[in-house]
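> Below are the structure tokens for one structure; questions will follow.
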Amino acid sequence: MTATDRSIELITTAAQAAADRLAHDIIAYDVSDVLSITDAFLLASAPNDRQVKSIVDEIEERLQKELGAKPVRREGDRDARWILLDYVDIVIHVQHSEERVFYALERLWKDCPEIALPEDALKTCGKAEEHAQLHGVTEGEQS
């Protein structure tokens, strides 16, 4: 089984929205073969809580406007360190850079196929490390 066309459309739109809000290291996995509850995961991160919230707000707005999709669940708003948007077909994780490193969700899903993303989203790979170097922050110190 592979992710549905609708799931791919949601992932692609969400990835572009995240890229437009300067998210770091955007990646998507087709988890439909290993999970029965959803088709795909989108992972993105940002160096601060305010940007995490901004990315999530943009994703939610864009999916609503362009595809008529609303999340059935939104978790993590209070601290904005890791916000999860559950659209049933897809689940979006936007994490603070520290949480992204600590929880390393990529390790859990690395055996699943990656979903092709828009060029802008692909350009975000390595941005977290680049940001840390520019600001003289070592991994685990970011805020």
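The values are calculated or read from the model by the stated rules, or taken from the named source; none is laboratory data. Keep in mind that what you see is a predicted model, and the values were worked out from it rather than measured. Glycine gets a Cβ as well: all are built from the backbone with ideal geometry, and neighbour counts include every protein chain shown. Note: areas computed on protein heavy atoms with side chains; ligands, DNA, RNA excluded. Shrake-Rupley method; radii C 1.70, N 1.55, O 1.52, S 1.80 Å.
> How many residues are open to solvent by 20 Å² or more (accessible area, probe 1.4 Å) and touching a helix residue (DSSP H, G or I) at 6+ places or on another chain (Cβ under 6 Å) when one looks only at the range 25-36?
Total satisfying the criteria: 1.
> Do we have any residue at all in the range 57-67 that's among the polar types (S, T, N, Q) and more than 16 Å from Leu22 (Cα to Cα)?
Yes, the conditions are met somewhere in the range 57-67.
> Could you please let me know if Glu66 is at pLDDT 90 or above, over 12 Å from the mean Cα position of the chain (by Cα), more than 10 Å from Val52 (Cβ to Cβ) and open to solvent by 20 Å² or more (accessible area, probe 1.4 Å)? Don't jump to the end; show me each part of the working.
On the way: at pLDDT 90 or above: yes; over 12 Å from the mean Cα position of the chain (by Cα): yes; more than 10 Å from Val52 (Cβ to Cβ): yes; open to solvent by 20 Å² or more (accessible area, probe 1.4 Å): yes.
So Glu66 fits the description; yes.
> So, in the range 78-88, exactly how many residues are surrounded by fewer than 19 Cβ atoms within 10 Å (Cβ to Cβ), farther than 10 Å from Val52 by Cβ and not β-branched (Val, Ile, Thr)?
Result for the range 78-88: 3.
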